[in-house]
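Okay, structure first, notes after.
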Amino acid sequence: GPSIYASKNAGQAGIAARFDILNTTNTADAVFSKTEGSGAALHAVSSATNNSSALALLVENGHIATSGAQPSIAVSTASLTAFSLSGNSTDVAGVINFSNFSGGTIPAGSVIVTITFSKPYSATPVVILTAANLQAGGDAVYVSGVTTAGFELRYNSNMAIGGRVFNYMVIETK
């Protein structure tokens, strides 16, 4: 079993465990976690019955991983007929696919899609967007309208779209 374990009953409020370093000259970590096994050194997750957190955060072998509910995607132009988020997309990171364009062009500055987070952030986050394939690499796509609830993607030129893939990452700063 665990060396340190704290648990609260369902009717109890407040934190289950806390570590404070009150020495203002301390340079050591408040919590240091190490595992020699295959499990995560740090694993923070919300309860399956009380989704009070938007995701689980894991740090395994120096890699950051997330899991959680998928945000929703809504198209803003009738010309875009096939669009999706990859199955493992979360509020923190994911893949946006535009796979079919019915013709014509989308006017410059138009909103293409709106992503709505499954759980709003407490402060407006930073959204990072990168092209994930050759077709998307030359596009003038940008993020706009970022709020605690979601963000929009827009094109900065008149162009037909389809076959584009973009990665996104969302970070809330405190």
Take segment 120-132 and flag every residue that is open to solvent by 40 Å² or more (accessible area, probe 1.4 Å), part of a loop (DSSP other than H, G, I, E, B) and at pLDDT 90 or above.
120, 124, 132
Here the residues within segment 13-37 that are modelled with pLDDT of 75 or more and either closer than 19 Å to residue 119 by Cβ or open to solvent by 100 Å² or more (accessible area, probe 1.4 Å) (or both) are 18, 19, 22, 24, 25, 27, 32, 34, 36
List the pairs whose first member sits in segment 136-160 and is over 16 Å from residue 85 (Cβ atoms) and in a strand (DSSP E or B), whose second member is at pLDDT below 80 and open to solvent by less than 40 Å² (accessible area, probe 1.4 Å), and whose Cβ atoms are under 6 Å apart, counting only residues at least 6 apart or on separate chains?
155/106
Taking segment 59-113, which residues are modelled with pLDDT of 85 or more, open to solvent by 50 Å² or more (accessible area, probe 1.4 Å) and not in a strand (DSSP E or B)?
70, 87, 88
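The values are calculated or read from the model by the stated rules, or taken from the named source; none is laboratory data. Keep in mind that this is a model prediction, so the values were computed, not measured. Neighbour counts run over all protein chains shown; Cβ positions are idealised from the backbone, glycine included. Remember, those area values only see protein heavy atoms, side chains included, never the ligands or the DNA or RNA. Shrake-Rupley method; radii C 1.70, N 1.55, O 1.52, S 1.80 Å.
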